[in-house]
Amino acid sequence: TTTRRAQRAEALGTLLSSVAGAVIWTVAGLMILDKLGLNLGPLLAGAGVVGIAIGFGAQALVRDFLSGIFMLVEDQYGVGDVIDTGAASGTVEAVSLRSTRLRSVDGIMWHVPNGEIRWVGNKSQQWSRALLDVPVPYDTDTVKAIALIRRVVEGMAAEPEWAGRMLGRPEVWGVERFDTMSLAIRTVVTTRPLQQWAVSRELRLRLKLAFDDAGIDLGPP
């Protein structure tokens, strides 16, 4: 959080510095020309026309910059967060006022203009959640299966290595849905940011081994 705030402050500081510098140099240039006795009327009129033309052509760039400012001010995401923008998803590697760079899980670097981001889902802000739907055949003793899942997940949460990655007590919500050949038992673990995937993988392994030992088959996904 501290790093993200520092990056946000640095980006905003750079923007304000650039804008202030441009305004100061422009005013200084006009004052110098005025002291030299040049007629600034035609120059200002021509600059106005050029400015309007540039403004129409740079609408997308202006939109990107404004969107970047709001993203930084609102702290929607920062470097290291895992986000989904709809068009692309991955780990944020850089955030500028014009674009955001994402590295997807398959290694692709996505350059997303800030003005094109209509909505963004942050998967690593404040806390995350490991969500598992464990499929079991219909002829399985459902109460026994739920008790086994609860025992496995609570045992994992009691281990120091994994307790530090979890927040609160894991929950087994029960039967979530009925599929064609199986029913799904939902398990939920609230985790620290970016730890949901590691917790999910370890929990799947432990559940598979526990179900094998208990002689309970896992149903088709």
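List of remarks:
- Under 5 Å, built H, 5+ apart or other chain: amide partners of Met166: Arg192
- Local electrostatic count at Arg101 - Lys and Arg +1, Asp and Glu -1, tallied over other residues with Cβ under 14 Å: -2
- Interchain or long-range residues, amide H under 5 Å from Trp110's placed H: Leu102, Arg103, Ser104
- Contour excess over end-to-end distance, with Cα ends at Tyr138 and Leu194 and 0.36 nm allotted per residue: 16.8 nm
- Computed from phi, the 3J(HN,Hα) profile of region 185-201 under the Karplus parametrisation 6.51, -1.76, 1.60 (θ = phi - 60°) reads 9, 8, 10, 10, 10, 7, 10, 5, x, 6, 9, 5, 6, 5, 5, 4, 5 Hz, with x in place of Gly and Pro.
- Percent accessible area from carbon and sulfur atoms, region 80-136, protein chains only, probe 1.4 Å: 49 percent
- Computed on region 63-174, with alpha-carbon pairs under 8 angstrom and 6+ residues apart, the relative contact order is 20 percent.
- For region 144-158, 3J(HN,Hα) computed residue by residue from phi via the Karplus equation (6.51, -1.76, 1.60; θ = phi - 60°) reads 5, 5, 5, 5, 5, 4, 5, 5, 5, 5, 6, x, 5, 5, 7 Hz, glycine and proline entered as x.
The values are calculated or read from the model by the stated rules, or taken from the named source; none is laboratory data. Since we're looking at a predicted model, the values are computed, not measured. We place every Cβ from the backbone using ideal geometry, glycine too, and count neighbours over all the protein chains shown. Quick note on the areas: whole protein, heavy atoms, side chains included, nothing else; ligands and nucleic acids left out. Shrake-Rupley method; radii C 1.70, N 1.55, O 1.52, S 1.80 Å.
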